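**Q** First, the structure itself, so that you have it in front of you.
The values are calculated or read from the model by the stated rules, or taken from the named source; none is laboratory data. Keep in mind the model is a prediction, meaning the values are calculated, not measured. Because the Cβ atoms are built from the backbone with ideal geometry, glycine has one as well, and the counts that use them run over all protein chains shown.
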Amino acid sequence: MSTQKIVNDFAISIATVNGSGSQTANSTLLRAFFKMGIPASGKNLFPSNIQGLPTWYLIRVSKDGFTARKDVSEIGVAINPATFMQDLQAVPPGGAFFYADDIRLPIGRSDISLYPMPVKAISREADIPANLKEYVANMVYVGVLAHMLGIPESVIHESVSYQFKGKEKATEVNMIVVRAAMQWAAENLTKTDPFAVEPMDKTKGLLMTDGNTAAALGAIYGGLQFAAWYPITPSSSLAETLNQYLPKLRKTADGKNTYAVLQAEDELAAIGMAIGAGWAGLRSMTATAGPGLSLMTEYAGLAYFAEVPVVVWDIQRSGPSTGLPTRTAQGDLTMVNFLSHGDTQHVILLPGDPKECFEFGWQAFDLAERLQAPIFVLSDLDLGMNQWMSKPFEYPNRPMDRGKVLWEEDLEKLNGIWARYKDVDGDGIPYRTVPGNLHPAAAWFARGAGHDETSRYSEDPQVWESNLLRIKKKYETAKQYLPAPVIDESGQEIGLIAYGSVTPAVEEARVLLASQSGVRTDFLRLRALPCTQEVHDFVQRHQRLYFVEANRDGQLRQLASIAMPGEAHKFRSACHTDGLPLTARWVANTILAQEEK
Amino acid sequence: MTTPASPAQVNSIGLTKTDYRGLPSTLCPGCGHNSIANQIIAACYEMGLLPEKVVKFSGIGCSSKSPAYFLNRSFGFNGVHGRMPSLATGARFADTSLEFIGVSGDGDTASIGMGQFKHVVRRNAAMLYIVENNGVYGLTKGQFSATAEVGLALKHQGTNPYMPVDICMEALVSNATFVARSFAGDSKQVRELIKAGVAHNGIAVLDIISPCVTFNNEENSFHSYTWSKDHTEPLHEIAFVPKLKEIEFDDPFEEGEVREVTMHDGSVVILKKLEKDYDPTDRWQALRVMEEAQRKNWLITGLIYYEQGRPSLTDLYNLPEKPLNRFTEAELRPAPETLDSLNALFT
């Protein structure tokens, strides 16, 4: 059944049992492709469970550099009996199916290549400590696939060594199984499928990492001084990465810490602590997901109204309520935009890949301190926890912006005459002092209640309204400081607008639309809210605008309709949420269907 | 040579009592909270604290308005209901040389704020945490709070069917390192306990029965002036002696048996024995005495429990001497070459 060879262009779906150690095996394969220079991405579809439930790992290799999830995986790997039949049916005709040979279920398919693997036998016979056999059994499919696809043993070795951070003993235990499996495959399997890999040079100079790691590192280079957090999927690894790298990067010459990270008792406290620290002059942040954000709502309003700098990362997952804790979505955008009761609108950053997670990691502190406001950064599970290829992290290209802070010598020059909430510069942003400033005129009283320019309690109608209007002015002022949208435009009628993790699907969909249907599109990738003039202009230049997003209601389109009511009749939605990353095929078909109406 | 100011007019750092005042109170005349604010002013003045070195925190409610009524020259943050502890916890890291005074109420602490209260206690954040405890929600016009005694009848609320929360007990079982209770009518004791609480390097919980003259001041009510006066059982007489070099203090107690508790900074709390000897460093005795007081309808006041030596929150973080909030870009942003090696980790 083997036809023409298909090189560096397929997807693999690996079905295992959660908690069985398959993560190491899957990561090994993914990094092996990456190390061969082949563009690749890895997406973990895991259950909200520690051990025992089904989990799938999707690897895509693409000579053309497409990294979005594919609708169909040409290669299936089945290690989990519970999902075996489902996994078998999912393989398309002409595909390949590798399975553990101890799963004795009817196959009944002759339109695919079938490869039973003696997973248990190989790991049982391998010369490794008995207590480790269960954990390295998954390396059997690594070895078999390596042989069948043509990944050199040396690359697998390099990749396993990467997983174990260069520890030789652990690497060798795994490699014993890999070599045994490769040898078994060479002796026992006849290749009948067309899929193969060959070295390329398309990953040179790139990283493969996840957005949460990048975000944490960016925050560290942004001078993060305080973080409070509460464990929640999929944001926990962001805070844990802070704990991992801060001790290495942020000590004084005499070994003291220039930071503190605190695991709070809940999200109510995490944001409270972060706001307390931000108010007191520290670069401060928290990281959470939707349910945590709901709990943080009241404090977000306080930070907005008392004008306290703080950074909040929301690694979105499927909601509402507990939702699908381990699945991805872009469903928090509208909520975050208005987070709080009363009149509130927040500045939001929207990173699109790990490099931008790093970049916005440090920029968010500059913005928070410049604007004296909470800054929200919206990532999601797909971007935050999955492995993405990315350009290297770039060192901050400008000095820190600590905003309008007055210290003792500044107050001395002002003869102590200043007012906390006075709009001196006409940009809506007042000056502030922080505790520890010993000038007798430094102190002020922060509160969530109505206050005048001097921060004194006030219920005066005019004072209330002019204060709220000044705060709104900051939202306008913010636009000049925000990362500009990324625009790819060639004068088409159709404009696509998207942000964050759906970007790879949109980019690939544009190629599909153009090459298969002759539908050419322009693309604006939004990187922040509020919308700047560039977004307005892009919208004006197009007849039809499709907002592509991973949610039910088309939240970005909703917000754009509020920002640009006169243009809203041109807006269309391509929105979808099933917990999985969008695919290019779905995006293209959805747009086509609406174009054909 | 300048003429030295009269000691009656200035304190040890040359400030007058006016330097410690706040705005005029907007609470009801006769409210216990006003006398507590006055004792905070007196205590800080007498201790010679620089007002700029004090930071005030509060949540929501009548009690939480009161930080505006003392220490005008101190920073303050009036946060959200029941969550002043988290604000203070975060701010603690900015400058560990500052003194923190939090003022909360029984609603703010024992109901909505119970979680944050217990956790700030557990973390031993250095802060005097005052609960102005009147058993009712004053600002919303007289509903029961969680510290209202069972059987309390209020005008529009009927009779309280639930057992009360005892804030000192809650603090004790959460491993508080300083637990005290007082009565707003006992100015001297309140003042001395405030001083000791400020001097303490850790959480100092000070539960002060502070009658609400508008909504909960019936003679038979646990949180009223009359009842509290009649049922107060001080554990000891108390005097705080700050650590000050070259100044000789007269022994505040002329006779009788005294027990001295030395604080982290070298200041001393002197406790004069009353009816029976009481050891405030014995947690079990503290719990026993409070349980007995509940049974016998006494209002036990004084320094109920004190533990010296446990590190406070920020002591656990290996922080530099210089306040973190004075660190500059050069000290906070890692060098460019470190990023090169990080990037290499992910290839």
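**Q** Within the set of pairs 6+ apart or on separate chains, which have a first residue in the range B:23-37 that is among the charged types (D, E, K, R), a second that is part of a loop (DSSP other than H, G, I, E, B), and C-beta atoms under 9 Å apart?
**A** Going by the 9 Å Cβ cut-off, there are no qualifying pairs.
Residue by residue, here is whether (1) assigned to a helix (DSSP H, G or I); (2) over 19 Å from A:Gly352 (Cβ atoms); (3) touching a Phe, Trp or Tyr at 6+ places or on another chain (Cβ under 6 Å) holds:
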residue: A:Ser490; (1), (2), (3): no, yes, no
residue: A:Glu507; (1), (2), (3): yes, no, no
residue: A:Gln516; (1), (2), (3): yes, yes, no
residue: A:Val519; (1), (2), (3): no, yes, no
residue: A:Cys531; (1), (2), (3): no, no, no
residue: A:Glu534; (1), (2), (3): yes, no, no
residue: A:His542; (1), (2), (3): no, yes, no
residue: A:Asp553; (1), (2), (3): no, yes, no
residue: A:Leu556; (1), (2), (3): yes, no, yes
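**Q** Let me ask something additional. Which condition breaks for A:Pro399 when tested against (1) touching a residue at least 24 places away in the same chain (Cβ under 8 Å); (2) closer than 30 Å to B:Ser341 by Cβ; (3) not β-branched (Val, Ile, Thr)?
**A** Every listed condition holds for A:Pro399 apart from (1).
**Q** Give the range A:368-387 a look and list any residue that's more than 10 Å from every other protein chain (Cβ to nearest Cβ) and in contact with an Asp or Glu (Cβ under 8 Å, 6 or more places away or on another chain), or say none.
**A** Selection gives A:Glu369, A:Arg370, A:Gln372, A:Ala373, A:Phe376, A:Val377, A:Leu378, A:Ser379, A:Leu383, A:Gly384, A:Met385, A:Asn386.
**Q** Which residue is surrounded by the fewest Cβ atoms within 10 Å (Cβ to Cβ), if the candidates are limited to the range B:191-234 and must be modelled with pLDDT of 90 or more, among the small types (Gly, Ala, Ser) and not in a helix (DSSP H, G or I)?
**A** Only one residue tops the list, namely B:Ser224.
**Q** Restricting attention to the range A:201-235, report how many residues are assigned to a strand (DSSP E or B) and facing another protein chain (nearest Cβ under 9 Å).
**A** Qualifying residue count for the region: 5.
**Q** How many residues are basic (Lys, Arg) and either in contact with a Phe, Trp or Tyr (Cβ under 6 Å, 6 or more places away or on another chain) or part of a strand (DSSP E or B) (or both) if we restrict to the range B:160-190?
**A** 1
**Q** When you look at B:Asp186, is it over 21 Å from B:Met47 (Cα atoms), under 22 Å from the mean Cα position of the chain (by Cα) and either crowded, with 22+ Cβ neighbours inside 10 Å or not aliphatic (A, V, I, L, M) (or both), yes or no?
**A** Here the answer is no, as B:Asp186 does not meet what is asked.
**Q** Out of A:Thr334, A:Thr297, A:Thr288, which single residue is buried (at least 24 other Cβ atoms within 10 Å of the Cβ) and either within 21 Å of A:Ala498 (Cβ to Cβ) or touching a Ser or Thr at 6+ places or on another chain (Cβ under 9 Å) (or both)?
**A** Going through A:Thr334, A:Thr297, A:Thr288 in turn, the sole match is A:Thr288.
**Q** Quick one: which helices (runs of 4 or more DSSP H) lie wholly within the range A:326-421 and hold at least 1 residues that are modelled with pLDDT under 95, touching a Leu at 6+ places or on another chain (Cβ under 9 Å) and not basic (Lys, Arg)?
**A** Qualifying helices (runs of 4 or more DSSP H): none found.
**Q** Taking only the range B:104-115 into account, find how many residues are of a type in the set (Val, Ile, Thr) and touching a residue at least 60 places away in the same chain (Cβ under 8 Å).
**A** Adding up the residues that qualify gives 0.
**Q** If you scan the range B:19-55, which residues turn out to be at the interface with another protein chain (Cβ under 8 Å from one of its Cβ atoms), closer than 16 Å to B:Gly197 by Cβ and not in a helix (DSSP H, G or I)?
**A** Within the range B:19-55, just B:Val55 meets the criteria.
**Q** Could you count how many residues in the range B:292-334 are at the interface with chain A (Cβ under 9 Å from one of its Cβ atoms) and assigned to a loop (DSSP other than H, G, I, E, B)?
**A** 10
**Q** Right, here's the next one. Quick one: is A:Arg470 of a type in the set (Lys, Arg), under 24 Å from B:Phe75 (Cβ atoms) and out of contact with any Pro (no Cβ under 9 Å at 6 or more places or on another chain)?
**A** no
**Q** Sort out for me the strands (runs of 3 or more DSSP E) sitting completely within the range A:1-111 that have 3 or more residues that are aromatic (Phe, Trp, Tyr).
**A** A:96-100
**Q** Looking only at residues that are farther than 21 Å from A:Gly211 by Cβ and touching a residue at least 24 places away in the same chain (Cβ under 8 Å) in the range A:223-249, which one is surrounded by the fewest Cβ atoms within 10 Å (Cβ to Cβ)?
**A** Step by step, filter the range A:223-249, then rank; the result is A:Gln225.
**Q** Quick one: in the range A:250-261, of everything that is surrounded by fewer than 24 Cβ atoms within 10 Å (Cβ to Cβ) and among the aliphatic types (A, V, I, L, M), which residue is farthest from A:Phe365 (Cα to Cα)?
**A** Looking at residues that are surrounded by fewer than 24 Cβ atoms within 10 Å (Cβ to Cβ) and among the aliphatic types (A, V, I, L, M), I get A:Ala253.
**Q** Identify, from the list A:Leu268, A:Leu302, A:Leu293, the residue that is more than 10 Å from every other protein chain (Cβ to nearest Cβ) and in a helix (DSSP H, G or I).
**A** Of A:Leu268, A:Leu302, A:Leu293, the one residue that is more than 10 Å from every other protein chain (Cβ to nearest Cβ) and in a helix (DSSP H, G or I) is A:Leu293.
Residue by residue, here is whether (1) surrounded by fewer than 17 Cβ atoms within 10 Å (Cβ to Cβ); (2) within 42 Å of the chain's Cα centre (by Cα); (3) within 14 Å of another protein chain (Cβ to nearest Cβ) holds:
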{"residue": "A:Lys422", "(1), (2), (3)": "yes, yes, no"}
{"residue": "A:Ser455", "(1), (2), (3)": "no, yes, yes"}
{"residue": "A:Glu459", "(1), (2), (3)": "yes, no, yes"}
{"residue": "A:Val463", "(1), (2), (3)": "yes, yes, no"}
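**Q** For the structure I just gave you, tell me whether B:Thr16 is more than 19 Å from B:Ala176 (Cβ to Cβ), more than 8 Å from every other protein chain (Cβ to nearest Cβ) and touching a residue at least 60 places away in the same chain (Cβ under 8 Å).
**A** no
**Q** Within the range A:446-500, how many residues turn out to be out of contact with any helix residue (DSSP H, G or I) (no Cβ under 7 Å at 6 or more places or on another chain) and at positive phi?
**A** Of the residues in that region, 2 qualify.
**Q** Counting only residues that are crowded, with 24+ Cβ neighbours inside 10 Å, in contact (Cβ under 8 Å) with a residue 40 or more places away in the chain, assigned to a loop (DSSP other than H, G, I, E, B) and not aliphatic (A, V, I, L, M), how many does the range B:56-93 have?
**A** Number satisfying all stated conditions: 3.
**Q** Then there's this: Pull up the range B:82-103, narrow it to residues that are more than 8 Å from chain A (Cβ to nearest Cβ) and out of contact with any helix residue (DSSP H, G or I) (no Cβ under 6 Å at 6 or more places or on another chain), then point me to the one that is farthest from B:Val205 (Cα to Cα).
**A** Selected residue: B:Met84.
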